[in-house]
Amino acid sequence: MPSSKPLMTQSSGSIPTSVESALRTLETESGGINALATALRGPLGATFAKAVDLIRNAKGRVIVTGLGKSGHMARKIAATLASTGTPAFFVHTAEAAHGDLGMITADDVIMALSWSGEQPEMKTLVNYSARFAIPMIAVTSNAASSLGQAADIVIELPKAREACPHNLAPTTSTMMQVAIGDAIAIALLEGRGFTALEFAHFHPGGKLGAMLKFVRDYMRTGAEIPVKPEGTRMSDAVVEMSAKGLGCVCIVNDAGEAVGIITDGDLRRHMRPDLLTATVDEIMTTQPKSVPPSMLASEMIEVLNTRKITTLLVTEANKVVGIVHLHDLLRAGVA
């Protein structure tokens with residue numbers, strides 16, 4: 001009776017044929033990206049810079065348009081531009097002739113994606129652009145195409161072989177389209193000094209949004225902070241550690257300034273018969289690492305990872321105002 005389990009086809013070597021196919025695809029597509037980078041170091045670079053300047057100086061938005069696979073790439077480019085501070089949205093090339101032209105104003109810039117530059121559906125947008133003097137940037141592999149000749153600026157992508165073995169299915173070409181879109185978005189972002197805080201305004205959801213909140217959004221405060229003054233007996237410090245459940249206790253001076261911290265690890269390292277009768281001053285790690293409440297959560301995660309610790313004190317003017325534990329960040333989806 002034949003087995004119901006699918007067989008894994010393998011090449012003569014040890015690599016499955018499916019993996020070899022994947023590697024060929026990635027190598028072919030990376031070849032297209034390398035060709036694009038080479039072109040940008042040459043004459044295409046000046047054209048690219050003009051396109052970025054045109055978008056930066058526009059009073060309106062970037063209208064990104066395309067059809068088919070180019071349309072999917074255009075939608076992604078519009079989303080990337082919008083999330084990085086350049087107002088943009090996608091208009092479907094075919095839908096433009098059915099009322100969506102009303103979305104486009106004379107202050108906008110049109111970015112039209114078409115690998116061949118000869119899509120008949122693009123004619124409506126081309127005519128509209130010319131009629132109302134709306135500048136158009138063509139992203140195509142054929143500057144001599146109808147779209148290329150009609151555009152104000154042509155970003156001519158290098159011709160590269162598709163990863164499809166028949167050189168038909170858009171693969172390398174779409175990768176190059178989205179890559180040039182990313183390059184434009186990041187050039188605009190860097191040109192205007194767009195910050196992580198500004199990015200947070202446009203992306204409050206998901207893990208990215210969580211990473212762009214502040215330490216104060218995640219810290220425990222008030223009675224939740226495990227804290228004891230200098231001179232406290234270790235027996236009392238251990239009770240405080242257990243009660244607050246964070247595996248540590250912060251030691252402060254009379255001014256409320258953090259002068260040390262005792263963790264579970266410190267207890268293990270100093271385990272001795274008289275541990276509970278000792279004072280915290282003898283056991284604590286001095287100059288504990290702390291962060292301000294205004295620090296971004298992403299930066300706080302970097303501190304935790306770099307120092308290989310699970311707890312951070314939060315201080316203002318050296319006074320303890322909060323504490324952050326890695327477990328809280330994990331529950332919030334930050335770490």
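Values for this structure:
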{"read-out": "Candidates Lys69, Lys244, Lys159, ranked by Gaussian network fluctuation over the chain, Cα under 10 Å, top entry", "value": "Lys244"}
{"read-out": "Under 10 Å, Cβ to Cβ, from Lys244 - net charge with Lys/Arg +1 and Asp/Glu -1", "value": "-1"}
{"read-out": "Percent accessible area from carbon and sulfur atoms, the chain, protein chains only, probe 1.4 Å", "value": "56"}
{"read-out": "C-alpha center-to-center spacing [segment 12-41, segment 137-178] in angstrom", "value": "18"}
{"read-out": "Answer label, with P(r) over Cα pairs in 10 Å bins from 0, in percent calculated from the coordinates and candidates (1) 5, 19, 19, 14, 14, 14, 10, 4, 1; (2) 5, 25, 30, 20, 12, 6, 1, 0; (3) 6, 25, 33, 25, 9, 1", "value": "(1)"}
{"read-out": "Summed residue charge, Cβ within 13 Å of Lys308's Cβ, Lys/Arg positive, Asp/Glu negative", "value": "+1"}
{"read-out": "The chain - mean residue ellipticity at 222 nm from DSSP helices (-39,500 (n - 2.57) per run, n ≥ 4, rounded to 500)", "value": "-12500 deg cm²/dmol"}
{"read-out": "Compactness of segment 1-159 - radius of gyration and Dmax, Cα, Å", "value": "20.0, 72"}
{"read-out": "Heavy-atom surface of the chain, accessible at 1.4 Å and reported per residue (Å²)", "value": "53"}
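The values are calculated or read from the model by the stated rules, or taken from the named source; none is laboratory data. All of these numbers come straight from a predicted model, not from anything done at the bench. FYI the Cβ positions are ideal-geometry reconstructions off the backbone, even for glycines, and counts take in every protein chain you see. The area values use the complete protein model at the heavy-atom level, side chains included, leaving out ligands, DNA and RNA. Shrake-Rupley method; radii C 1.70, N 1.55, O 1.52, S 1.80 Å.
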